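The values are calculated or read from the model by the stated rules, or taken from the named source; none is laboratory data. These numbers were taken from a predicted model, which means no experiment stands behind them. Don't worry about glycine lacking a Cβ; one is built from the backbone with ideal geometry, like all the others, and counts go over all protein chains shown. Please note that ligands, DNA and RNA were not included when accessible areas were found on the heavy atoms of the full protein model with its side chains. Shrake-Rupley method; radii C 1.70, N 1.55, O 1.52, S 1.80 Å.
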Amino acid sequence: MNIELRFFAGIRESLGTASESVALPEHVQTVGDVRVYLRERGSPWKEVLAEGRALRMAFNQEMTDVTQRIAEGSEVAFFPPVTGG
């Protein structure tokens with residue numbers, strides 16, 4: 001399955017990329033699976049997308065959680081939580 005990835009703000013800066021097209025293995029079926037798959041790349045991915053690290057996720061430009069199923073041609077985005085002051 002081929003999807004588009006988008007990274008924003010501090011996540012983009014830490015990873016050194018704003019976007020990427022990726023072909024996923026068959027076992028990657030949800031937004032949460034995408035996060036795990038990307039962590040398997042090693043540093044800095046495993047730190048930036050670490051389990052328990054606060055971040056927001058979107059699927060086709062709609063806020064979502066780790067259970068959202070993905071589909072061919074979809075977009076998954078990762079960004080830090082918005083903080084107020």
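What about Ala71, is it of a type in the set (Gly, Ala, Ser) and without any contact (Cβ under 8 Å) to a residue 40 or more places away in the chain? Let's see the steps before the verdict.
Working: of a type in the set (Gly, Ala, Ser): yes; without any contact (Cβ under 8 Å) to a residue 40 or more places away in the chain: no.
In short, no.
With respect to the numbered conditions (1) of a type in the set (A, V, I, L, M, F, W, C); (2) surrounded by 11 or more Cβ atoms within 10 Å (Cβ to Cβ); (3) not in a loop (DSSP other than H, G, I, E, B), which one is the sole condition not fulfilled by Val66?
That leaves (3) as the condition not met.
Output the number of the condition that Asp33 fails; it satisfies all remaining conditions of (1) open to solvent by 60 Å² or more (accessible area, probe 1.4 Å); (2) under 17 Å from Glu75 (Cα atoms).
Result: Asp33 passes all but (1).
Can you tell me which of (1) surrounded by 17 or more Cβ atoms within 10 Å (Cβ to Cβ); (2) assigned to a loop (DSSP other than H, G, I, E, B) is the one Val76 doesn't meet?
(2) is the only condition that Val76 fails.
Pairs under 9 Å by beta carbon, first residue over 17 Å from Arg12 (Cβ atoms) in region 28-53, partner polar (S, T, N, Q), six or more apart or different chains?
Thr30/Thr67; Thr30/Gln68; Val31/Thr64; Val31/Thr67; Val31/Gln68; Gly32/Thr67; Gly32/Gln68
Suppose the filter is of a type in the set (A, V, I, L, M, F, W, C), in contact (Cβ under 8 Å) with a residue 12 or more places away in the chain and open to solvent by 30 Å² or more (accessible area, probe 1.4 Å); does Ala9 pass it?
Working: of a type in the set (A, V, I, L, M, F, W, C): yes; in contact (Cβ under 8 Å) with a residue 12 or more places away in the chain: yes; open to solvent by 30 Å² or more (accessible area, probe 1.4 Å): yes.
Against the criterion (of a type in the set (A, V, I, L, M, F, W, C), in contact (Cβ under 8 Å) with a residue 12 or more places away in the chain and open to solvent by 30 Å² or more (accessible area, probe 1.4 Å)), Ala9 qualifies.
Take the residues in region 51-62 that are of a type in the set (A, V, I, L, M, F, W, C) and at pLDDT 95 or above; name whichever of them is most open to solvent (accessible area, probe 1.4 Å).
So the first thing to find is which residues in region 51-62 are of a type in the set (A, V, I, L, M, F, W, C), and the list is 54-55, 57-59.
The next check asks that each one be at pLDDT 95 or above; those that pass are 57-59.
Numbers: Met57: 16, Ala58: 9, Phe59: 32 Å².
Across region 51-62, the extreme among qualifying residues is Phe59.
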